[in-house]
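The values are calculated or read from the model by the stated rules, or taken from the named source; none is laboratory data. Because the structure is a prediction, the values reported are computed rather than measured. No Cβ is skipped: glycine too gets one built from the backbone with ideal geometry, and neighbour counts run over all protein chains shown. Heads up: the accessible areas ignore ligands, DNA and RNA and are worked out on the full protein's heavy atoms, side chains in. Shrake-Rupley method; radii C 1.70, N 1.55, O 1.52, S 1.80 Å.
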Amino acid sequence: MSESKPIRFGIIGCGTASIPVCEAITSSPLTELAAVYDVNQDLANDLSQQFHVPVMNNLDELLTNPMVDAAYIAVPHYLLASLTRQMLQAGKHALTEKPLAISLEDIDELSVLAAERNLTLGVFYEMRYAPAYAQARELIQAGAIGNIVAIQIQTLIDKPLSYWQSGYAGRSINPWRGIKAQAGGGVVLMNTSHLLDAVSYVTDLRITNLSAEIGTLVTNVEVEDTATAILRFNNGAIGSLVAGAHINGAHQEETCYLHGAEGQIRLPDPYSSNPLRLYLKRSWDDFEAGQWHSFHNEPVPVYACAIEDFARSVQSGHCAPVSAHDARYVLSVVLGIYQSATEKKMISIS
């Protein structure tokens, strides 16, 4: 495929998540929006009117549409793998919402299928594109804080109770988020998974062992709304994870602290205007020791960055920047947390 040819996207799933993605697609010279589809015709019609593109009457119309090169797939978790599989079988590239699937076996199958068909399979973990995370990665690779010895991951959110029935925006009513077989998990899978991917990207470290507890302590759903875990990373570092979906008063508290032998980095909530903060034990580069340094970044359109990165990978024939391999790692950690909490023992992550 010529590099100059825009990648033409079809949308499968026209709920709230699809709106900023459509905005990113239509604003980029690398991509075009070709068609939309949803089993809920009202949602599809609404998106069609917003972005002036045709509605496909059924999935086969989108699968066989020669004007569609790739699909962005944003549906309830239990449907992601099946629809991604159908897109790949139809010869289309796929950019699928996290977690890509709710079983490791499905992710493995999709990886093989994409490779066999020479198609690009990406996963929409956009948090790693936040400027503070890119900056933290550069600082760590440059050795600013030395070897990482501890990591704190925090996902504290004050979700409305209505979230489990209609999401944040209430664009559609569907209780799938609170049903274990359909969601696969609660706050850890839905929210903390983004930070797990981002931390792996920033540090190049992987979790190898963990011990966890989860609970459904606030809401009447089948998935967890509260969780905590102790983590061991592949360089020997120790970490902690705490997550809560209904933490009263929580605001912009999806954060991460990276502690090194020579300093620490405090990563702010990626959707806040708060700066990255750096503390150094010894002077490094132009930064003095013994004090905090703040890095204020200009806002970056993370959705556009993710879309354009994926489009470039399709054009070049390279692996997606956030791949099925990345999604598999994150899901293995999440499932490990659930297994540890259920079996009351430490779990190794392979």
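Quote the convex hull volume per residue of segment 1-137, based on C-alpha atoms, as a whole number of Å³.
126
Across the chain, how many lysine pairs, 8 or more positions apart or on different chains, have C-alpha atoms separated by under 30 Å? Please give the number.
Step by step, the pairs that qualify in the chain add up to 12.
Under a point spin-label approximation (7 Å from Cα along Cα-to-Cβ), what is the residue 213-residue 50 distance to one decimal in nm?
Computed distance between label sites residue 213 and residue 50 equals 4.1 nm.
Using only helices, what value at 222 nm comes out for the chain when you add -39,500 (n - 2.57) per DSSP H run of length 4 or more and divide by the total residues, to the nearest 500 deg cm²/dmol?
-10000 deg cm²/dmol
Figure the gain on full extension for residue 345 and residue 61 (residue separation times 0.36 nm, minus the Cα-Cα span) and round it to one decimal in nm.
Length difference between fully extended and current span is 97.4 nm.
At 1.4 Å probe size, with the rest of the protein present, what percent of the exposed accessible area of segment 194-233 is carbon and sulfur atoms?
Within segment 194-233, the accessible surface is 47 percent carbon and sulfur.
Taking only protein heavy atoms into account and a 1.4 Å probe, give the accessible area per residue of the chain in Å².
Heavy-atom SASA per residue in the chain reads 42 Å².
Which whole-number percent gives the relative contact order of segment 6-131, counting Cα pairs below 8 Å spaced six or more residues apart?
22
With axes computed from alpha carbons, what is the tilt in degrees of helix 18-27 against the longest principal axis of the chain, rounded to the nearest 10 within 0 to 90?
Orientation of helix 18-27: about 80 degrees from the principal axis.
Between residue 105 and residue 272, what is the label-point separation in nm under the 7 Å Cα-to-beta-carbon projection?
4.2
For the Cα atoms of the chain, what angle does the longest principal axis make with the long axis of helix 193-203, in degrees from 0 to 90, nearest 10?
It works out to around 60 degrees.
Work out the length of the dipole vector of segment 148-277 about its Cα centre, built from +1 on the beta-carbon of each Lys and Arg and -1 on the beta-carbon of each Asp and Glu, and round it to the nearest 20 debye.
Using only the charged Cβ atoms, the result is roughly 140 debye.
How much net charge surrounds residue 67 when only the other residues with a Cβ under 13 Å from the Cβ of residue 67 are counted, with Lys and Arg +1 and Asp and Glu -1?
Here the charged neighbours net out to 0.
Quick one: check the C-alpha center-to-center distance for segment 70-110 versus segment 293-327, whole angstrom.
Computed from Cα coordinates, the inter-centre distance equals 18 Å.
What does the charge dipole of segment 95-168 about its Cα centre add up to, to the nearest 20 debye, if the Cβ of each Lys and Arg holds +1 and the Cβ of each Asp and Glu holds -1?
With Lys and Arg at +1 and Asp and Glu at -1, about 320 debye.
Full-extension gain between residue 26 and residue 82, please, as 0.36 nm times their residue separation minus the C-alpha to C-alpha distance.
Additional length available on full extension: 17.5 nm.
Run the numbers for residue 158 and residue 172: contour at 0.36 nm per residue of separation, minus the present Cα-Cα distance, in nm. All intermediate terms of the calculation are to be shown ahead of the outcome.
Details: separation 14, 0.36 × 14 = 5.04 nm, distance 2.02 nm.
Result: 3.0 nm gained on full extension.
For residue 230 and residue 292, what is the calculated FRET efficiency with R₀ set at 30 Å and r taken between the beta-carbons, to the nearest 0.05? Before the final figure, lay out the partial values.
Working: r = 27 Å, r/R0 = 0.91.
Efficiency computed from Cβ-Cβ geometry: 0.65.
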